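The values are calculated or read from the model by the stated rules, or taken from the named source; none is laboratory data. Since this is a predicted model, take the numbers as computed values, not measurements. We place every Cβ from the backbone using ideal geometry, glycine too, and count neighbours over all the protein chains shown. SASA here: full protein model, heavy atoms, side chains in, ligands and nucleic acids out. Shrake-Rupley method; radii C 1.70, N 1.55, O 1.52, S 1.80 Å.
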Amino acid sequence: MKRYLSSKNSYTIAILWAIVICMLLLLYIGMTKEHVTILPIVLLSLVIAMILWTLLDTRYVIKQHFLLYRSGPFRGRIDIEKIQKINYFSGLYVPVTMKPALDTKGFIITYNNNDDVYVSPMNSDIFLSELLKINPKIEINNV
């Protein structure tokens, strides 16, 4: 089992931490100076917890012939034998639905003919070589 943390874009991390700090301030003000009902406090606390969970727990694991990804509460499993291609991608708008990543530079992995996931492993060369050991038929573009 090999683990790879997500690489982190400093702007993305700064924005997410700023959001968490602003929400914590709102929570503090709401609890001390205002008479806020319990529902907004619970909802704000849940949003803060989800952002922190994503910031602190975004990683990828290669276990046997599966690529496991997790980003906070979002998790998934890809059969490495079913990966057709991996495209290098850099940019703010990533044209896939599932993005368990904290960086703007990473890989779009295409598997099962039309399913995509965007990942940004910290040690990308080692990550790709491990995937190729399991499935040497993977087409790698723009690396």
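Select from region 121-139 the residues that are more than 29 Å from Trp53 (Cβ to Cβ) and open to solvent by 60 Å² or more (accessible area, probe 1.4 Å) and list them in ascending order.
Scanning region 121-139 gives Lys133, Pro136, Lys137, Glu139.
Regarding Thr54, is this residue without any contact (Cβ under 8 Å) to a residue 24 or more places away in the chain and of a type in the set (S, T, N, Q)?
On the way: without any contact (Cβ under 8 Å) to a residue 24 or more places away in the chain: no; of a type in the set (S, T, N, Q): yes.
No, not satisfied.
I'm checking my understanding of the structure. Among residues of region 101-116 that are in contact with a Pro (Cβ under 9 Å, 6 or more places away or on another chain) and among the aliphatic types (A, V, I, L, M), which one is farthest from Tyr4 (Cα to Cα)?
Ile108
Restricting to region 11-51, count the residues that are open to solvent by 80 Å² or more (accessible area, probe 1.4 Å) and within 25 Å of Gly106 (Cα to Cα).
4
Could you tell me which of the residues Tyr93, Tyr118, Tyr88 is open to solvent by 80 Å² or more (accessible area, probe 1.4 Å), within 17 Å of Asn142 (Cβ to Cβ) and part of a strand (DSSP E or B)?
Working: Tyr93 fails: part of a strand (DSSP E or B); Tyr118 fails: open to solvent by 80 Å² or more (accessible area, probe 1.4 Å).
Criteria check complete, one pass: Tyr88.
Can you tell me how many residues within region 13-67 are under 25 Å from the mean Cα position of the chain (by Cα) and over 30 Å from Asn135 (Cβ atoms)?
Keep residues of region 13-67 that are under 25 Å from the mean Cα position of the chain (by Cα), which gives 13-24, 42-67.
So of that shortlist, the ones also over 30 Å from Asn135 (Cβ atoms) come out as 13-24, 42-53, 55-56.
The number of residues fulfilling the criteria is 26.
If you take the residues of region 61-75 that are open to solvent by less than 40 Å² (accessible area, probe 1.4 Å) and part of a strand (DSSP E or B), which of them is nearest to Thr12 (Cα to Cα)?
Looking only at region 61-75, we keep the residues that are open to solvent by less than 40 Å² (accessible area, probe 1.4 Å), and these are 61-62, 67, 69, 71-72.
Filter once more, keeping what is part of a strand (DSSP E or B): 61-62, 67, 69, 71.
Details: Val61: 22, Ile62: 25, Leu67: 24, Tyr69: 19, Ser71: 14 Å.
This residue is Ser71.
Condition check: free of Cβ contacts under 8 Å to residues at least 40 places away in the same chain, touching a strand residue (DSSP E or B) at 6+ places or on another chain (Cβ under 6 Å) and either surrounded by 11 or more Cβ atoms within 10 Å (Cβ to Cβ) or polar (S, T, N, Q) (or both). Does Ile78 satisfy that? Steps first, please.
On the way: free of Cβ contacts under 8 Å to residues at least 40 places away in the same chain: yes; touching a strand residue (DSSP E or B) at 6+ places or on another chain (Cβ under 6 Å): yes; either surrounded by 11 or more Cβ atoms within 10 Å (Cβ to Cβ) or polar (S, T, N, Q) (or both): yes.
So Ile78 fits the description; yes.
Just to be sure I understand the filter: pairs with C-beta atoms under 9 Å, separated by 6 or more residues or on different chains, first member in region 20-39 and more than 18 Å from Met50 (Cα to Cα) and of a type outside the set (Phe, Trp, Tyr), second member assigned to a helix (DSSP H, G or I) and modelled with pLDDT of 90 or more. Which pairs pass?
Pairs found: Gly30/Leu44.
Touching a Leu at 6+ places or on another chain (Cβ under 7 Å), surrounded by 11 or more Cβ atoms within 10 Å (Cβ to Cβ) and either more than 30 Å from Asn141 (Cβ to Cβ) or not basic (Lys, Arg) (or both): which single residue out of Thr58, Thr54, Thr110 fits that description? Even if it seems obvious, please write down each step before you answer.
Working: Thr54 fails: touching a Leu at 6+ places or on another chain (Cβ under 7 Å); Thr110 fails: touching a Leu at 6+ places or on another chain (Cβ under 7 Å).
Exactly one of Thr58, Thr54, Thr110 is touching a Leu at 6+ places or on another chain (Cβ under 7 Å), surrounded by 11 or more Cβ atoms within 10 Å (Cβ to Cβ) and either more than 30 Å from Asn141 (Cβ to Cβ) or not basic (Lys, Arg) (or both), namely Thr58.
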